[in-house]
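Here the structure comes first, spelled out in structure tokens, and everything after it is commentary.
Where a number appears in this text, it was derived from the coordinates with a stated rule and is not lab data. Computed from a predicted structure; not experimentally measured. Cβ atoms come from the backbone with ideal geometry, glycine included; neighbour counts cover every protein chain shown.
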Amino acid sequence: MTSQPQDQQSTQTAQKNGIAPLFTIVAVLLVLSFAVNIILFASLLQQFSLPSLSSFSEVTTKQEVLQTIKDNAIVDLPSSDKIYEYETKGLVNSLEDPYSEFLSASDAKNFQDSLNERYEGIGVRFEFDRGQVVVTGVIKDGPAYKSGVTVGDVIYKVEDTLVSDLPDSEIGNRVRGDKGTSVKLVFLRDGKEIPLTIQRDAIETPLVELELKGNVAVIRISSFGENLDVKMADIAKQIQAKGSVSRIVIDLRGNTGGILSETIDIASYFVPEKTLLLYEKTRSGREDVYSIAKAPSLQQYPLSILVDGSSASASEILAGALRVKRNAELVGQPTFGKGVVQQIFSLKSGDQLKLTIAKWFLPDDSEIDKKGLQPDTLLRPSEDALTWVLENRK
């Protein structure tokens with residue numbers, strides 16, 4: 001006898017005794033009541049957003065750390081705003097991405113000013129290199145230039161504090177300052193300490209400059225900042241008006257990058273409209289980036305591009321794309337190797353988040369990140385790339 005007929009038989013016997021209907025109704029009601037209670041309880045959990053056990057643990061640990069510092073540290077706790085800033089920076093730092101960064105409102109302003117080469121300070125550019133803060137550029141006729149600071153100097157101390165004891169984001173803030181104020185610095189050069197007190201001034205470096213060297217037009221781009229294209233349009237007109245120009249040199253030495261859209265604008269003067277300049281890979285897929293129409297065009301001139309170890313990001317995009325699409329010659333030293341794109345997100349607090357959102361590739365599918373561009377003509381650091389081009393490329 002199979003199990004199914006046996007079950008039917010048992011049900012029929014119970015129905016004859018009048019028990020099953022009542023038992024079935026009561027059971028169903030109990031199940032429905034239990035289900036409703038479960039749903040209501042789950043809704044309450046969601047409404048009150050009860051923290052998880054791990055959240056309880058994190059909150060308790062944070063309170064314990066704060067209390068321990070308050071009771072035992074020889075320095076006072078910073079303000080709640082400062083604690084919030086460092087907590088948020090720590091969160092972003094946990095991405096282990098050197099280019100993603102939380103920017104307080106003041107940091108964000110300094111970042112924009114640096115892109116536009118406009119700020120109050122001593123007039124130096126610097127980068128972090130193997131634990132040291134190395135000067136990579138000195139603004140001509142600026143306070144640091146007049147004080148004898150040179151490229152390659154290492155910033156060792158700021159106001160008697162070792163820079164190695166300062167967070168990276170604090171170093172720039174301490175070097176910069178209001179016009180007319182002074183800052184005490186100690187530089188290292190060839191292993192020797194050079195103490196200097198430098199009076200700050202207003203610094204505004206032209207983003208792009210044109211210099212005519214005989215028949216060669218030299219375009220020096222210091223940063224891909226805001227409104228660079230407006231200035232470039234005027235330079236293109238000057239070159240066209242000068243009928244004797246036989247070659248264009250784009251000097252990107254010391255240019256650490258800037259705004260991608262400005263980079264595309266500059267490249268567009270040298271290639272036909274709708275030329276593929278690069279493509280990006282984001283979380284959502286691939287996005288191609290093309291040139292746009294520019295007049296007057298500079299497509300007919302042979303190109304040489306000067307690069308060095310500080311030429312990075314937007315500079316590498318421009319140099320790499322024009323080498324692929326215009327057969328431009330790269331002269332100098334290998335470039336830095338930054339092939340990722342950051343986007344600035346404005347936060348409700350007034351702060352900003354600079355976040356890496358894409359990796360970019362040249363039109364020939366080559367990747368620059370952590371590799372850089374190898375010059376077609378490799379020169380020693382002691383050799384001046386512009387002098388080499390003027391002597392060897394007519």
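Run the helix sum for the chain: -39,500 (n - 2.57) per DSSP H stretch of 4+ residues, divided by residue count, reported at 222 nm to the nearest 500 deg cm²/dmol.
Result for the chain, helices only: -11500 deg cm²/dmol.
With a 10 Å cut-off between alpha carbons and a GNM built on the chain, which of 327, 72, 116 moves the most?
72
Residue 209 to residue 127: FRET efficiency via 1/(1 + (r/R0)^6), r the Cβ-Cβ distance, R0 25 Å, to the nearest 0.05?
About 0.65, to the nearest 0.05.
If I stretch the segment between residue 230 and residue 105 completely, what's the gain in nm (0.36 nm per residue apart, minus their alpha carbon distance), one decimal?
Full extension from residue 230 to residue 105 adds 42.2 nm.
Please report the net charge: other residues with Cβ closer than 9 Å to the Cβ of residue 330, K and R +1, D and E -1. Could you put the intermediate results ahead of the total?
Values: positive: 323; negative: 329, 376.
Neighbourhood net charge equals -1.
What is the sum of charges around residue 99, taking Lys and Arg as +1, Asp and Glu as -1, for the other residues whose C-beta is under 15 Å from the C-beta of residue 99?
Value of the local net charge: -4.
Using 1/(1 + (r/R0)^6) with R0 = 51 angstrom and r between the beta carbons of residue 347 and residue 327, what's the FRET efficiency to the nearest 0.05?
Numbers: r = 44 Å, r/R0 = 0.87.
For R0 = 51 Å, the calculated efficiency reads 0.70.
With a ≥ b ≥ c taken as the square roots of the eigenvalues of the C-alpha gyration tensor of the chain, please select rounded if a/c is under 1.5 and otherwise prolate if a/b is larger than b/c or oblate if it is not?
The shape class here is oblate.
How far is it, in nm, from the label point at residue 140 to the one at residue 391 when both lie 7 Å from their Cα along the line to the Cβ?
2.1 nm
Mind giving me the FRET efficiency for residue 244 and residue 374? R0 is 35 Å, r the Cβ-Cβ distance, nearest 0.05 is fine.
My answer for the efficiency is 0.60.
Any of 157/281; 146/370; 157/370; 109/231; 348/370; 325/370 with alpha carbons more than 32 Å apart? Name them for me.
Long pairs (Cα-Cα over 32 Å): 157/281; 146/370; 348/370.
Determine which lysines satisfy two conditions relative to residue 70: a Cα distance under 27 Å, and not lying fewer than 8 residues away in the same chain.
By straight Cα distance, residue 70 reaches 62, 82, 89.
For the chain, set up a Gaussian network in which alpha carbons nearer than 10 Å are linked by springs, and say which option among 206, 296, 78 fluctuates the most.
Residue with maximal mean-square fluctuation among 206, 296, 78: 78.
Given the options 58, 287, 193, which has the most mean-square fluctuation in a GNM of the chain, springs set between C-alpha atoms less than 10 angstrom apart?
58
What distance in nm lies between label points placed 7 Å from Cα along the C-beta direction at residue 164 and residue 94?
Calculated label separation equals 2.9 nm.
Can you work out the Karplus-derived ³J(HN,Hα) for every residue in region 150-164? Use 6.51 cos²θ - 1.76 cosθ + 1.60 with θ = phi - 60°, whole Hz, and x for glycine or proline.
For region 150-164, the Karplus-derived couplings read 10, 4, x, 4, 10, 6, 9, 9, 10, 6, 6, 9, 5, 5, 5 Hz, x marking Gly and Pro.
Below 8 Å between Cα atoms, with a sequence gap of 6+, how large is the relative contact order for region 46-189 in percent?
About 16 percent, as a whole number.
At 7 Å along Cα-to-Cβ for each site, give me the label-to-label distance between residue 184 and residue 367 in nm.
Spacing of the two 7 Å Cα→Cβ label points: 4.8 nm.
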